[in-house]
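This report refers to the structure that appears directly beneath it.
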Amino acid sequence: MGSRRVGILAIQGDVDAHAQALLRVGAAPVPVLAEKDLGEIDALVLPGGESTTIAKGLDRLGLYGPLRAFADSGRPVLGTCAGAILLAKESENHPVRTLELIDVVARRNAYGTQVDSFAAEADAPEAGDGPEALSLAPLRCIFIRAPRLTALGPDVEVLLRVDREPVLVRQGNVFACTFHPELGEDARVHGLVAGAAAIA
Ligand code: GLN
């Protein structure tokens, strides 16, 4: 069987670093800039960057509907940082138009303007966290002007927490991650959507 082809929305942000992480879990990265690109891929990553800019790009390229249809097809979607904001049902603090694919509210830049960036170890999983939680912790998480995820709906599972707050959540095939899993060597978060065994 060939490698799984994983699209990376290439409007803006950390596209190259995601491509490297996907290669580390044995997937084939594919840039996505048009609806036709979605037909070629098995899973999709929405990178971090600036959600206002990415949202404008989604609008300009007519991708809101096609991305929703892609997720509805059941193929895995991972949004990281700005990408997580775009997956949320709603965003707060300079709201952007979101794809409404996961039942959480994303509060942009929720860690404040002074401490824009930090790294932290994920907590051990708590009772009730999703089954993947065990395979992911411990994990060092890098946050860059990160959002916080609040108002988690009943179908949202927590896969990782930092300081007990959810930083990686899942609703079915849609994963939202507030940190940057593409930075560093550990590609286990990408392994979740690439369907490959973790190798890093
Ligand atoms: N602060 C950015 C936003 O609100 C997200 C930052 C990131 O993706 N690293 O869109």
request  = Could you order peptides 21-29, 80-88 by the average number of other Cβ atoms within 10 Å of their residues, highest first?
outcome  = 80-88, 21-29
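Given a cut-off of under 8 Å on Cα pairs at least six residues apart, what relative contact order in percent is computed for the chain?
22
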task = Give, as a single signed number, the net charge of other residues whose beta carbon lies under 9 Å from the beta carbon of THR98, with Lys and Arg counted +1 and Asp and Glu -1.
result = 0
message = Run the simple label-point estimate for GLU50 and ASP163 please: 7 Å along Cα→C-beta, distance reported in nm.
response = 2.6
ask   = Along the range 62-70, what does the Karplus equation 6.51 cos²θ - 1.76 cosθ + 1.60 (θ = phi - 60°) give for ³J(HN,Hα), rounded to whole Hz, x for Gly and Pro?
value = x, 9, 4, x, x, 5, 5, 5, 4
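Taking the Cβ of ASP16 as the centre, find all other residues whose Cβ is under 14 Å away and add up their charges (Lys, Arg: +1; Asp, Glu: -1).
Charge balance in the 14 Å sphere: -1.
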query = Once the Cβ-Cβ distance between GLU100 and LYS36 is put in as r, and R0 is 25 Å, what FRET efficiency do you end up with, to the nearest 0.05?
reply = 0.60
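List the GluC sites (Glu not before Pro) in the range 106-152 that DSSP assigns to loop (not H, G, I, E or B) and whose Cβ has at most 12 other Cβ atoms within 10 Å. Which are they?
Hits after loop and neighbour filter: GLU126.
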remark   = Debye calc, one equal point scatterer per Cα of the chain, no solvent, log10 I(q)/I(0) at q = 0.11, 0.14 1/Å comes to -0.42, -0.71
ask   = Taking the alpha carbon gyration tensor of the range 63-136, what are the square roots of 5 times its eigenvalues, largest first, to the nearest whole Å?
value = 23, 21, 10
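Laboratory data are not the source of any read-out in this text; all were calculated from the coordinates shown. In this text the structure is predicted, and so the values were computed from the model without any measurement. Here the Cβ is made from the backbone with ideal geometry for all residues, glycine too, and neighbour counts use every protein chain on show.
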